[in-house]
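First, the structure itself, so that you have it in front of you.
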Amino acid sequence: MTEPELTRVPLRQAVLRVAVPATAFQLLVFANNLVDYLWVMQLGDEAASGQTAGWTVFWMLASLGQVFSTGVTAVVARRVGERRTDDARHAATQGLKGALLGAAVVGALGWMLVPYLTDVNESTPKAAGYTLDYLRTLLAGSPLIFSYYAFEGAFKGHGDMRRPLRALMTAVGINIVLDPLLIHVAGLEVLGAALATVVAFSVTGLTLGGAALRRGWFRWDGFGLDLRLVGRVIRIGFPISLHGITFSAVYIFLVREVNLAGGDTATAALGLGLRFEGFAFMTCVGFSTAAAAIVGQNMGARRLDRARDGAWTAVRMASWICAAWGLLFLLLPLRVVEWMAPSREAALYALDYFHIVAASLVFTAAEIVLEGALSGAGDTKPAYFLAIPMTVARVPVAMFLARTAGWGVAGVFWALTWTSVARGLLFMFWFARGRWVHGKA
């Protein structure tokens with residue numbers, strides 16, 4: 001087996017080789033959700049609010065799927081770096097089986113818990129109905145969505161994001177066509193947006209699965225589980241997934257605070273703000289993918305200095321992009337925001353969000369990219385001890401600022417900004433300590 005590419009090409013080239021297609025991939029996921037929102041917002045503030053609430057809850061449930069994407073990426077990358085092709089294939093196959101089992105559990109539990117989760121948001125009955133429709137449709141498609149995560153993890157572990165990018169381009173094209181047809185022509189409203197998303201993920205997952213099988217990265221060998229290997233995948237992936245679950249669960253309460261302070265109009269604005277912040281977030285996830293693959297492969301090849309330098313290179317590149325996006329947030333005129341918001345009042349809230357979060361985006365870059373680098377090393381501790389406590393802290397900080405300090409909706413936005421800065425600084429400190437070099441994958 002030849003030496004893996006990410007262990008020998010110049011570091012900037014290695015980062016860009018994975019990060020560019022991975023970022024484009026993530027931005028297509030973002031575009032898919034944004035297209036949903038832009039069509040749904042035409043139904044009014046309640047529909048936009050209901051979809052935003054449903055999106056945050058499903059984000060929490062889908063984070064369980066990231067267990068397999070993150071874990072498979074780390075284990076496959078390490079085996080590729082060690083030039084153990086058969087073991088890499090076995091890890092990817094077992095990750096897919098675990099993902100399908102996880103989807104069955106999440107789908108069943110989620111279907112039963114959805115009514116209780118929607119009650120937390122304090123939405124109007126109509127908005128709550130939209131949330132219920134959106135969530136249950138997505139949960140029905142969870143096996144296809146979780147399979148997509150497992151296939152994506154295998155591609156990331158091999159340092160190949162070009163094939164996933166092409167697959168998702170097709171899926172987003174389908175979603176763009178289906179959204180107006182299902183939401184407006186067929187009259188399915190928010191349920192139509194969810195159905196279009198399930199179809200998009202299905203196309204992506206099946207396309208990736210076929211490509212991975214042709215390349216020999218998977219080998220279906222029945223329904224038996226290698227519990228030791230699946231346990232390793234879960235051990236690596238679960239802390240970051242738990243962070244994602246916590247992150248999403250916290251947003252359920254933050255959406256509630258925003259709704260209490262500003263109603264469905266403010267919640268719709270939060271949805272718009274999160275989606276446009278999503279450009280920076282998805283860019284960081286792309287560079288995080290590069291960091292995970294580079295760190296994993298170079299640790300497998302016993303090149304620790306190169307693994308370290310590759311992670312910091314990815315952080316610097318992502319930070320410059322996020323700084324530029326934050327500057328755009330500060331300069332964005334109201335008339336542009338009005339065009340994207342369901343009402344002028346929602347546009348004003350969204351503009352406040354843009355101005356408040358702009359300064360935190362550079363720190364978000366450091367956190368997300370280094371979290372990816374640490375997952376590639378198999379270091380699970382930071383997600384437990386750094387990310388989760390600071391994420392949970394958002395709720396009491398938001399409640400204090402919104403209620404006690406009297407800042408209202410802006411108080412929730414400031415809570416998001418301050419905690420993002422703190423998390424970024426903590427991750428930089430942890431990675432600089434260097435304990436991650438002892439991680440196992």
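Calculate the length of the line joining the C-alpha centroid of the range 166-203 to that of the range 8-23, in whole Å.
That distance is 31 Å.
OK, next. What is the packing order of peptides 91-102, 332-343, taking the mean over residues of other C-beta atoms within 10 Å and listing the highest first? Kindly include the intermediate steps, with their values, before the conclusion.
On the way: 91-102: 24.2, 332-343: 15.6.
The packing order, highest mean first, is 91-102, 332-343.
Roughly speaking, what is the stretch gain from Ala140 to Leu425, that is 0.36 nm per residue apart minus the C-alpha to C-alpha distance, in nm to one decimal? If you can, show how the numbers build up before the last one.
Details: separation 285, 0.36 × 285 = 102.60 nm, distance 3.89 nm.
Roughly 98.7 nm would be gained on extension.
Please give the per residue volume of the convex hull enclosing the alpha carbon atoms of the chain, rounded to a whole number of Å³. Intermediate values should be presented prior to the final figure.
On the way: hull volume 53.2 nm³, N = 441.
Measuring per residue, one finds 121 Å³ for the Cα hull of the chain.
Report the calculated FRET efficiency for Tyr384 and Met169 (r = Cβ-Cβ distance, R0 = 35 Å), to the nearest 0.05.
The calculated FRET efficiency here is 0.45.
Shifting gears a bit: Relative to the first principal axis of the alpha-carbon coordinates of the chain, what is the inclination of helix 344-357, with its axis defined by its Cα atoms, in degrees from 0 to 90 and to the nearest 10?
40
While we're on this one: Can you tell me the 0 to 90 degree angle between the C-alpha axis of helix 125-140 and the longest principal axis of the chain, rounded to 10?
20
For every helix of n ≥ 4 consecutive DSSP H residues, a contribution of -39,500 (n - 2.57) applies; sum these over the chain, divide by its total residues, and give [θ] at 222 nm rounded to the nearest 500 deg cm²/dmol.
Rounded to the nearest 500, the figure is -28000 deg cm²/dmol.
For the chain, what is the accessible area per residue in Å², given a 1.4 Å probe and the full set of protein chains?
On the way: 16530 Å² over 441 residues.
It amounts to 37 Å² per residue over the chain.
Highest mean first, what order results for 409-421, 426-438 on Cβ atoms within 10 Å? If you can, show how the numbers build up before the last one.
Numbers: 409-421: 21.9, 426-438: 15.7.
Ranked from most to least packed, the peptides come out as 409-421, 426-438.
How many percent of the accessible area of the chain is carbon or sulfur, using a 1.4 Å probe?
Roughly 65 percent, rounded to a whole number.
What number comes out for the charge environment of Tyr349, summing +1 per Lys or Arg and -1 per Asp or Glu over other residues with Cβ under 12 Å away? Mind dumping the intermediate values first?
Values: positive: Arg344; negative: Asp45, Asp264, Glu338, Glu345, Asp352.
Charge balance in the 12 Å sphere: -4.
Put a dot 7 Å past each Cα toward the Cβ at Leu101 and His438; how far apart are the dots in nm?
Roughly 3.1 nm, to one decimal.
Next question. Using a 1.4 angstrom probe on the protein heavy atoms only, line up Val80, Val199 by accessible area, largest first. The partial results should precede the final answer.
Working: Val80 15, Val199 50 Å².
Descending order: Val199, Val80.
Also: Equivalent ellipsoid semi-axes for the range 66-196, as square roots of 5 times the alpha carbon gyration tensor eigenvalues: give them largest first, rounded to whole Å. Write out the running numbers ahead of the final one.
Details: eigenvalues 233, 72, 20 Å².
The three semi-axes for the range 66-196 are 34, 19, 10 Å.
Okay, moving on. In degrees from 0 to 90, rounded to the nearest 10, what is the angle of the helix 142-157 Cα long axis to the longest principal axis of the chain?
It works out to around 50 degrees.
Might you work out the accessible area of Thr313 for me, using a 1.4 Å probe with all protein chains in place, and round it to the nearest 10 Å²?
It works out to around 10 Å².
Between Leu109 and Trp220, what FRET efficiency follows from the Cβ-Cβ distance if R0 is 30 Å, with the result rounded to 0.05?
Numbers: r = 27 Å, r/R0 = 0.89.
Using R0 = 30 Å, I get an efficiency of 0.65.
Another question about this same structure. By accessible area of protein heavy atoms, probe 1.4 Å, what ranking do Asp352, Asp305 get, highest first? Working shown, then result.
Numbers: Asp352 75, Asp305 105 Å².
Reading off the accessible areas and sorting them downward yields Asp305, Asp352.
Taking Cα pairs under 8 Å and at least six residues apart, what relative contact order does the chain come out at, in percent? Provide the component values of the computation, followed by the final result.
On the way: 818 pairs, mean separation 107.7, N = 441.
Once divided by the residue count of the chain, the mean separation gives 24 percent.
For the pair His184 and Glu338, what calculated FRET efficiency results from E = 1/(1 + (r/R0)^6), where r is the Cβ-Cβ distance and R0 = 30 Å, to the nearest 0.05?
On the way: r = 22 Å, r/R0 = 0.72.
That gives a FRET efficiency of 0.90.
The values are calculated or read from the model by the stated rules, or taken from the named source; none is laboratory data. From a predicted model like this one, the values you see are computed outputs, not experimental measurements. FYI the Cβ positions are ideal-geometry reconstructions off the backbone, even for glycines, and counts take in every protein chain you see. Surface areas here come from the heavy atoms of the whole protein model, side chains and all, with no ligands, DNA or RNA. Shrake-Rupley method; radii C 1.70, N 1.55, O 1.52, S 1.80 Å.
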